[in-house]
Each structure stands twice: as C-alpha cells, then as structure tokens.
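The next block holds one structure in the form of structure tokens; read it before the comments.
Each reported figure results from applying straightforward, stated rules to the coordinates on display, with no laboratory input. Since this is a predicted model, take the numbers as computed values, not measurements. In this analysis, Cβ positions are derived from the backbone assuming ideal geometry, glycine residues included, and neighbour counts consider all displayed protein chains.
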Amino acid sequence: MTAINLQWSDRSILLLRQAAALPARLVEPLMVVLQKVLGVARLPWVFLLPNLVVIALFSVLPVLINILYSVTGSDNLYPSERHFVGLANYATLLECQNYLDPSTCSRDLFWRAVGNSLVFVPVQVAVMIGVALLTALILNRRIRARAFFRGIFFFPVMLSPVVVAMTWVWLLQRDGALNGMLGSLGFARVSWLTDPARAFKWSIFVTVWAHMGFYMVILLAGLQSIPADIYEAAKMDRASPWRVFTRITLPLLKPVLLVVFILAVIRSVQTFDEIYVLTGGGPGSATKMIVHYIYETGFAVMPRNYGLAAAASLMLGAVLFVFTALQMKLSRGGRDA
Amino acid sequence: MLEGSAVKTMRAPSVWGFLARRRGGIRADWTDWVTYAYLSLGTLLMLAPVLWVAFSSFKSESNLSEFPPTMWPEAIESVKVEGFDRPLTLFKVTREDGSVVTMAQVRRVGIRAQMLDPAHPELGRVVVPIERAVPIRKFHIATENYTRLLNSADGRIWSSIYNTLFITIVATVITLIMNSMAAFALSKYKFRGANTALLVILATLMVPSTVVLVPIYLIVTELGLNNNLWGVILPVVSTPTGVFLLRQYMLTLPDELIEAARMDHASEWRIYWRIVLPLTAPALAVVGIFSIMSRWNDFLLPLIVLTKPEMYTLQIALAGYTDENGIAYGMLLAMTTLTALPLALGFIFLQRYITTGIASTGIK
C-alpha cells in the first residue's frame with residue numbers, strides 16, 4: 001500500500017476517532033474499575049464481551065430457535081404458542097410421490113426451488129469461474145492500463161443487487177435497449193423475462209455479470225503470486241502456451257481456485273436479491289431459488305408458515321455447513337503454509 | 001533479434017507501429033489483438049448497461065416511451081408562435097417539389113396535420129400529410145425525473161436516504177469498535193480460552209442470515225426492534241472476517257509498545273484506544289470500507305424487519321417500485337442512479353484499496 005493510501009486512512013481514522021472520542025472517554029473510567037476488580041488476566045473477556053453477546057443473540061440462539069421452529073407447528077411467531085409436531089415439517093417438505101415430478105409433491109414449490117437451485121448453482125458457478133479465470137488470465141498479460149481494466153471488470157461488484165437487477169430489467173424490458181438493438185438489425189421484439197427458459201438464462205447471466213469481478217480479483221492476485229522465473233524457465237524450454245497453462249499456471253493456481261470455487265458455491269446457493277427483483281422468481285416458479293422459497297413461506301405468503309421455513313433453512317444450512325467448513329479448513333491451511 | 005525489431009519500429013514511427021508496440025518495444029502479435037478485443041468487448045458489456053440507465057434517467061417521459069429507444073436524452077424541438085398558448089412542435093417537411101422546410105404543427109387530424117411557417121405565421125396554415133413530416137429532435141437533458149423524485153409530496157425518498165445513511169454509518173462505527181476490541185483481546189493477551197473464543201467467532205461464518213431468517217425476526221421482534229433501524233444494525237455488527245483481519249494485523253504490532261505503556265501506568269483501555277487502534281488504521285480502513293459496502297447494499301434483513309414505508313432503506317424502496325403497475329420509469333431510473341452513485345464514486349477513489357482487500361482476505 002502506498003503513502004497516499006496511508007495518508008487517506010490516517011485522515012479517516014482521525015475523523016472516526018474524533019466522532020468516537022467522547023464515548024471512549026466515558027467508557028474509560030468503567031474499564032479502569034473493571035481492570036482493578038477483575039485483574040488484567042480476565043480483562044480480555046471484557047473486550048470480547050460485545051462481540052460474544054451479539055454472536056450469542058444473533059447466531060447461536062437463532063440456530064437453537066430454528067431447530068425449535070422446525071419441530072413445531074402453527075402460524076404463531078412466539079415459540080410458547082407453538083405445539084410440538086415432531087418431524088412433520090420435514091416430512092411435509094420431503095413428501096413426494098415421484099421425486100422427478102414436483103407437481104406430485106405436497107410442497108411442490110419447495111421441490112421446484114430445490115430443482116432450480118440444483119441447475120442454477122452448478123451452471124452459474126462454472127460459467128462465473130470460467131469467465132473470471134479467462135479475464136484474470138488476460139489481465140495478467142503484459143497490457144497497458146491494467147488497473148483501469150481491472151476496475152472496469154470489478155465495478156459491478158460495488159453495485160447493490162437491487163441496482164443490478166433494476167439495470168437489467170430496464171435493458172431487457174419489451175421496449176428496452178436490447179430489443180431496440182435487435183430491432184435495428186431486423187429482429188422482432190422478444191419478451192426476455194416472461195419466458196421461463198429465457199428468464200432462467202438471464203438470471204444466470206445477470207448474477208455472473210454482477211459477481212464475476214469479485215472472483216476475478218482473487219484469481220488475478222493468485223496469478224500474480226506465481227513466480228515469474230518459472231515462466232522464464234518454460235520459455236527457455238520453448239514450452240507451448242497451452243502447456244504452460246496446464247502444467248504451470250493451473251497447478252500453481254489450484255489452491256486459489258479451490259477457495260474461489262467454494263466461496264462461489266456458498267454465495268450461489270444463497271442467491272436471492274438479484275433474482276427476486278429481476279424476475280420475482282417467475283414466470284410461475286421458473287426462477288425461484290431455495291432462499292426465495294424460505295422467504296415466501298416464512299414472510300411473504302399468508303398464513304406465514306415459520307415451521308416449514310425453518311425446516312427448509314436448516315436443510316440449506318446443512319449444505320452450507322459442509323462448504324463453509326471446507327473453506328475455513330482450506331484458507332487456514334493456506335495461511336499456515 | 002530483439003534489438004533488430006526494436007530498431008525497425010523506431011525507424012518507421014507510424015500510428016500502427018505505436019499502437020501495436022508493447023512494453024519493451026516488442027511488436028504485438030495476434031494474441032495481443034485478441035487480448036485487446038476481449039478487453040474492449042468486456043468494457044462495453046460491463047459499462048454500457050449502467051451508463052444506459054444513467055442516460056435514461058435524464059430522459060423526459062415522452063422520450064422514455066419511444067421505441068426504439070434513443071441513445072442520448074432527446075426532446076422534440078418546439079417553438080413559441082404568436083397567437084398560440086402552448087409551444088408548437090417543429091417538423092422538417094418535404095414539399096412536393098422536393099425542397100425541405102421547417103414548419104410548426106398546429107394540430108393533427110388523422111393522417112394530415114395543419115402546419116404553419118413559424119417565421120411567418122401570418123401566411124396561414126397549410127395541410128401536410130404526416131408521412132412528409134419528420135419531428136426535429138435535439139439533445140436535451142431532462143432533470144424532471146430527479147426533481148419530481150426529490151420533491152415528492154410524501155418525502156419518502158428523503159426518509160429512505162436518511163435510514164440508509166443512519167444504518168450505514170452507525171453499523172460501521174459499531175463494527176469497527178466492537179471488532180477491534182475483540183481483535184485486541186485475541187492478539188495482545190495470552191489467556192485460557194483465547195483459541196476457543198476465536199473459533200466461536202469464526203464459526204458464525206457457518207450461520208449466514210439466510211439460514212436463520214425466522215429466528216432473527218423473532219429475536220428482533222422480541223427486542224421491540226421491528227420497524228426500527230437498530231433491528232437491522234444489531235444482527236450484523238459482529239463480522240467474523242473483520243475480527244480475523246484486525247487480529248492478524250494487530251499480531252504484527254510489537255508488544256514492546258504495550259509494555260512501555262504499562263510501565264507508564266496506562267490502563268488497558270487506554271492502551272487499546274491510544275496505541276493499538278491508531279496503529280491498526282490500514283486494517284480498520286479495509287474493514288470499514290467493506291462494512292459500508294455491505295450495509296449500503298443490505299437487502300434481505302431490511303426487507304423483513306422494515307415493513308413500514310417510512311422505515312424503508314433505499315434498496316427496499318427501489319425494489320418496491322416494481323410492484324406498482326403503471327411504473328413511473330423516469331423516477332425509478334433516477335432512483336437507481338442515485339442509489340448506485342455513492343459507492344460508484346467511492347470506488348473510483350478507493351479502487352486499489354478495495355481490490356487488494358478482497359484479494360488478500362476474500363471478504364466482502
């Protein structure tokens with residue numbers, strides 16, 4: 001990081017310190033008393049306390065309550081008003097005559113959402129990492145204005161999901177820019193988001209467009225950390241570019257690729273905001289993903305069925321748990337090495 | 001060989017020679033052309049949609065309803081003619097002898113229009129078949145979408161802006177203080193349970209808010225924070241990646257500084273506040289930037305907790321626009337542009353910070 005960055009952060013931190021100086025001074029006497037009473041050895045727990053309280057309240061407790069919700073019925077939010085139903089919520093969600101045909105299931109929307117996610121996640125992740133890797137490879141070449149182009153490919157990450165979706169709604173609408181462009185080439189107008197198959201493809205495209213830059217930046221950093229002398233040596237041996245890519249770049253990039261892959265899966269499984277605004281999950285339920293189902297079941301559709309929503313989110317949580325555990329293991333392993 | 005080609009480019013300093021020259025004076029080969037073709041196409045694909053929305057937000061309502069859409073904000077030119085209350089639209093009319101004149105339309109009846117010469121209205125009206133008349137257009141930036149949005153009677157946009165700013169600023173300040181306190185404890189003290197505490201904090205990564213939506217809603221409701229901005233601030237202020245990043249940074253600070261301060265009888269809080277925190281500035285900046293980004297863009301939690309229109313954040317208000325039929329596209333576009341603007345501007349100045357932050361931590 002350059003001197004300019006440090007200067008900038010110094011100034012911003014000064015502002016922050018001025019803003020927070022008063023509470024800090026108010027806290028100080030309390031902390032001094034606590035230090036005298038508890039001793040320095042126990043003081044770290046005081047520093048940890050705010051974090052641990054928030055974690056207990058908004059991470060640990062919710063998991064326990066979620067389990068409670070998933071085994072109780074009724075549309076009442078308060079656990080004391082809910083009656084025990086055992087695994088009935090899970091059974092309802094999983095009940096199907098034919099698992100390949102969602103319309104035979106007791107909760108067909110759940111299965112449609114699961115089915116959509118099962119297609120969406122692999123395709124979206126594969127396309128996104130493919131494009132991100134290609135872009136990173138190109139940006140890693142000897143090009144002019146690399147920082148500029150990196151910024152261009154990255155900046156949609158800064159846009160909120162709602163802004164991203166609104167942008168594409170505006171471009172893809174019937175009288176929108178895309179139809180205008182196709183019209184000038186002699187094509188008829190197309191309803192891009194009201195046809196199930198098209199809406200699904202656009203959902204993938206828009207989410208890739210919005211998030212590709214994030215993974216590209218990580219992959220580019222990975223590429224740049226590969227020592228240049230390895231490439232020099234390959235050049236001496238007159239290795240073909242393809243051979244250099246498959247024998248040097250890919251193997252050395254593998255740890256970064258793996259982390260990127262897992263991160264992308266974790267995020268892709270939880271996709272909600274963009275598609276919610278882009279298509280509303282429609283037409284019909286063509287683009288309804290699993291989180292959308294949880295949101296609808298628990299909050300949007302009356303009567304609210306908290307039990308089913310909790311059961312569905314715990315199943316989602318189990319999937320995410322596996323991938324997050326993998327991610328933590330990998331990134332810690334990477335840091336130790 | 002390398003020298004030879006360099007000399008050759010120097011001898012013939014053509015435009016192509018300059019454009020095709022790479023760093024080190026080596027001439028470009030076909031892979032460079034593919035590279036730049038990809039970059040140009042990519043730039044177009046990434047930038048054009050957003051610029052299109054920004055341009056569209058400056059179009060008037062009639063300009064917006066045109067198909068095919070015009071690239072630039074345009075308006076049909078009109079002129080004030082004596083004897084008429086409202087301005088008359090101007091047309092280029094091709095006369096039967098092939099000459100082209102500019103005329104103002106008085107009224108239109110079916111496929112015929114009554115027009116007159118704006119310079120000489122006393123000459124009277126002529127009837128022109130409309131296929132001979134083409135409206136005259138000009139580049140025109142319409143700010144009415146923005147003024148209507150910002151001056152709307154209910155003032156919703158201002159409450160949305162206030163709510164979003166409040167959440168972003170307050171949550172970020174709390175995040176920075178709380179997480180740096182935890183990081184300080186986990187990096188500068190040796191105590192039993194330190195590793196467990198770190199593990200517990202990192203384990204919250206496994207509980208994303210999409211998984212505990214219903215219980216968080218219950219807890220927020222029980223705390224009486226439904227439709228309260230604190231209801232979307234408190235659940236998100238502890239970020240495990242933030243604690244981790246700050247801890248890793250504080251580990252690099254020499255312990256001698258702290259020992260020296262203890263010699264001078266500084267309290268532990270003073271050591272944290274006066275010594276460790278200022279030295280952690282670069283890491284705090286990264287965590288702060290990511291917190292601002294996340295809070296400004298938050299969607300699912302505010303969608304559930306903030307259900308009254310006056311409590312909406314910008315994101316919720318913007319998404320809500322789609323529900324109405326007869327959408328006022330102009331105002332929607334203006335709002336989209338306004339919502340995207342702060343982070344887009346911030347990105348221009350902080351690009352290096354943000355991308356290196358992501359590259360080194362993988363957080364967002």
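Where Rh denotes the Kirkwood radius from the mean inverse Cα pair distance, what is Rg over Rh for chain A? Please list the in-between numbers first.
On the way: Rg = 25.5 Å, Rh = 24.4 Å.
We get a ratio of 1.05 for chain A.
Per the Debye calculation on segment A:240-302 with a single equal scatterer at every Cα and no solvent contribution, log₁₀ I(q)/I(0) for q = 0.14, 0.18 Å⁻¹ amounts to -0.58, -0.70.
Counting only complete DSSP H runs, which helices of chain A cover 24 Å or more along their long axis at the Cα atoms and score a mean Kyte-Doolittle of 1.0 or above? Can you show the working numbers first?
On the way: long enough: A:3-38 (44 Å, 0.74); A:108-139 (45 Å, 1.75); A:196-224 (41 Å, 1.04); A:250-269 (27 Å, 2.25); A:306-336 (42 Å, 0.85).
Membrane-span-like by this rule: A:108-139, A:196-224, A:250-269.
At 7 Å along the Cα-to-beta-carbon direction for both residue B:95 and residue B:71, put a label point, then send me their distance in nm to one decimal. Placing both labels 7 Å along Cα→Cβ, they lie 3.4 nm apart. Cross-link partners for residue B:308 among the aspartates and glutamates, with Cα-Cα distance under 20 Å and sequence neighbours closer than 8 places in the same chain left out: A:273, A:296, B:154, B:222, B:298, B:323, B:324. Which helices, taking whole DSSP H runs in chain B, have alpha carbons extending 18 angstrom or more along the helix axis plus mean Kyte-Doolittle at least 1.0? Helix filter hits for chain B: B:30-56, B:156-188, B:281-297, B:329-361. Volume per residue of the convex hull around the Cα atoms, evaluated for segment A:36-186, comes out as 308 Å³.
Quick one: net charge around residue A:220, please, counting Lys, Arg +1 and Asp, Glu -1 for every other residue with C-beta under 10 Å from its C-beta. That sum, taken over residues with Cβ under 10 Å, equals +2. Seen from all directions on average, chain B presents a Cα convex hull projection of 34.1 nm².
The ranking of B:230, A:168, A:209 from fewest to most other beta carbons within 10 Å of each one's beta carbon is B:230, A:209, A:168. Ordered by the count of other Cβ atoms within 10 Å of each Cβ, fewest first, A:231, B:312 give A:231, B:312.
Among B:276-285, B:101-110, A:158-167, the peptide with the highest mean count of other Cβ atoms within 10 Å heads the list, and the full ranking is A:158-167, B:276-285, B:101-110.
In terms of the ratio Rg/(2.2 N^0.38 Å) built on C-alpha atoms, what value belongs to segment A:115-292? Each step should come with its number before you reach the end.
On the way: Rg = 19.0 Å, N = 178, 2.2 N^0.38 = 15.8 Å.
Ratio of Cα Rg to 2.2 N^0.38 Å: 1.20.
Largest GNM mean-square fluctuation among A:87, A:219, A:278, using chain A with Cα springs under 10 Å: A:87.
Over segment B:78-135, the Kirkwood radius and the radius of gyration, each from Cα atoms, give a ratio Rg/Rh of 0.93. Gyration tensor analysis over the Cα atoms of the protein assembly as shown returns equivalent ellipsoid semi-axes of 49, 36, 29 Å (largest first, whole Å).
So for B:71, B:293, fewest C-beta neighbours within 10 Å to most, what's the order?
Values: B:71 12, B:293 21.
Lowest to highest Cβ neighbour count: B:71, B:293.
Distance between the 7 Å Cα→Cβ label points at residue B:170 and residue B:264: 3.6 nm. In segment B:152-361, the ratio of gyration radius to Kirkwood radius, Rg to Rh, stands at 1.04 when only Cα atoms are counted.
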